[in-house]
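Beneath this line is the structure, given in structure tokens, with notes to follow.
The values are calculated or read from the model by the stated rules, or taken from the named source; none is laboratory data. A quick note: this is a predicted structure, and the numbers were derived from the prediction, not measured. Cβ atoms come from the backbone with ideal geometry, glycine included; neighbour counts cover every protein chain shown.
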Amino acid sequence: MITVQARPRSRKEKARALRRQGLIPAVLYGAHLDPVHVALREKDVQALFSRITRSTMVELQVDGQVYRVFVKDVQVDPITLKFLHLDFYVPEPGRPLEIAIPVRLEGEAPGVKAGGVLELVHTEIPVEAPPEKIPPYLTVDVSKLGLDEAILVRDIPWPEGVRPLLPPEDAVVVVVPPKVEAAAAPAEAAPAAPAAPTPPPTPAKPEAKPEPKPKPEKKG
């Protein structure tokens, strides 16, 4: 079990002042426990989160007192991505706990080699179990998963004492056939509109000839 040291802190100690000292404020709480306010070294917190999941039980030592805890909530600065505050949940000994366990895939699915696409339907699975029985992750072996096949909740070899809270027939991971897009049929060209008939040439009008003037009569 992973062990981390923490020191008690007074409620009068400001969180910002603690962070300037390289400490991360945190609180421990549980149904059977009054809140315990502590501070952890930032480098210890960074090392801790590189090794655990949400369902990893951690041993937190505070001034000689040992608490077995799960990470309940994490506050991170959205810009610097540094830890701001941690919440740890202390489960009641002997009482089942509901928690989500992350899924870790193992192996290479033959269905993917055949051209299929591997889809992880549930990245984590909610369970109920005694705290000491809860694993940090669930390993799902996909090395025999063919094309158009699935591994269901009931197919997973569940650790003793761990009860999944999803329906047994729920798919956890599937290999789906590749999507084939039907080739669009070429659109028929619309018939060209008939060309307008060329109008006949307009006949030229004959030039009007001047009428001959009458000759004057000769006088006797």
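Taking the stretch 158-173 on its own, how many of its residues are outside any strand (DSSP E or B) and either of a type in the set (Lys, Arg) or on the phi > 0 side of the Ramachandran plot (or both)?
Going residue by residue through the stretch 158-173, those that are outside any strand (DSSP E or B) are 158-162, 165-170.
Retained after the next criterion (residues that are either of a type in the set (Lys, Arg) or on the phi > 0 side of the Ramachandran plot (or both)): 161.
Qualifying residue count, the stretch 158-173: 1.
Name the pairs whose Cβ atoms lie under 6 Å apart, with the first residue in the stretch 1-26 and within 11 Å of Asp44 (Cβ to Cβ), the second among the aliphatic types (A, V, I, L, M) and assigned to a helix (DSSP H, G or I), and 6 or more positions between them or separate chains?
Note: pairs meeting the criteria are Val4/Leu48; Ile24/Val45.
Of the residues that sit in the stretch 27-49 and are small (Gly, Ala, Ser) and in contact (Cβ under 8 Å) with a residue 24 or more places away in the chain, which one is farthest from Gly94 (Cα to Cα)? I'd like the intermediate steps shown before the answer.
Taking the stretch 27-49 and keeping what is small (Gly, Ala, Ser), we get 30-31, 39, 47.
Within this subset, residues satisfying the condition of being in contact (Cβ under 8 Å) with a residue 24 or more places away in the chain are 30-31, 39.
Details: Gly30: 14, Ala31: 13, Ala39: 28 Å.
Step by step, filter the stretch 27-49, then rank; the result is Ala39.
Looking at the stretch 80-90, can you tell me whether even one residue there is assigned to a loop (DSSP other than H, G, I, E, B), of a type outside the set (S, T, N, Q) and farther than 29 Å from Lys43 by Cα? Before you say what the answer is, go through the steps one by one.
Residues of the stretch 80-90 assigned to a loop (DSSP other than H, G, I, E, B): 80-82, 90.
Next, from what is left, pick out any that are of a type outside the set (S, T, N, Q): 81-82, 90.
Then drop every residue that is not farther than 29 Å from Lys43 by Cα, which leaves none.
So far as the stretch 80-90 goes, no, none of its residues is assigned to a loop (DSSP other than H, G, I, E, B), of a type outside the set (S, T, N, Q) and farther than 29 Å from Lys43 by Cα.
Given the condition at pLDDT 95 or above, surrounded by 19 or more Cβ atoms within 10 Å (Cβ to Cβ), of a type outside the set (Gly, Ala, Ser) and outside the structural domain of Val103 (by TED's automatic domain parsing), answer yes or no: does some residue in the stretch 6-19 qualify?
no
Tell me which residues, restricted to the stretch 125-151, are assigned to a strand (DSSP E or B) and buried (at least 16 other Cβ atoms within 10 Å of the Cβ).
Of all residues in the stretch 125-151, those assigned to a strand (DSSP E or B) come to 125-129, 138-141, 150-151.
Matches in the stretch 125-151: Ile125, Val127, Ala129, Leu138, Val140, Ala150, Ile151.
Please go through the stretch 50-71 and give me each residue that is in contact (Cβ under 8 Å) with a residue 24 or more places away in the chain and either within 29 Å of the chain's Cα centre (by Cα) or not in a strand (DSSP E or B) (or both), ordered by number.
First pass over the stretch 50-71, keeping only residues in contact (Cβ under 8 Å) with a residue 24 or more places away in the chain: 51-63, 67-70.
Across the stretch 50-71, the qualifying residues are Arg51, Ile52, Thr53, Arg54, Ser55, Thr56, Met57, Val58, Asp63, Val69, Phe70.
Would you check if Pro93 is out of contact with any strand residue (DSSP E or B) (no Cβ under 6 Å at 6 or more places or on another chain) and loosely packed, with under 13 Cβ neighbours inside 10 Å? I'd like the intermediate steps shown before the answer.
Numbers: out of contact with any strand residue (DSSP E or B) (no Cβ under 6 Å at 6 or more places or on another chain): yes; loosely packed, with under 13 Cβ neighbours inside 10 Å: yes.
Yes; evaluated as a whole, the condition is true for this residue.
Just to be sure, is Ala47 at pLDDT 95 or above, within 30 Å of Arg16 (Cα to Cα), out of contact with any Asp or Glu (no Cβ under 8 Å at 6 or more places or on another chain) and of a type in the set (Gly, Ala, Ser)?
Details: at pLDDT 95 or above: yes; within 30 Å of Arg16 (Cα to Cα): yes; out of contact with any Asp or Glu (no Cβ under 8 Å at 6 or more places or on another chain): yes; of a type in the set (Gly, Ala, Ser): yes.
When the stated conditions are applied, Ala47 passes them.
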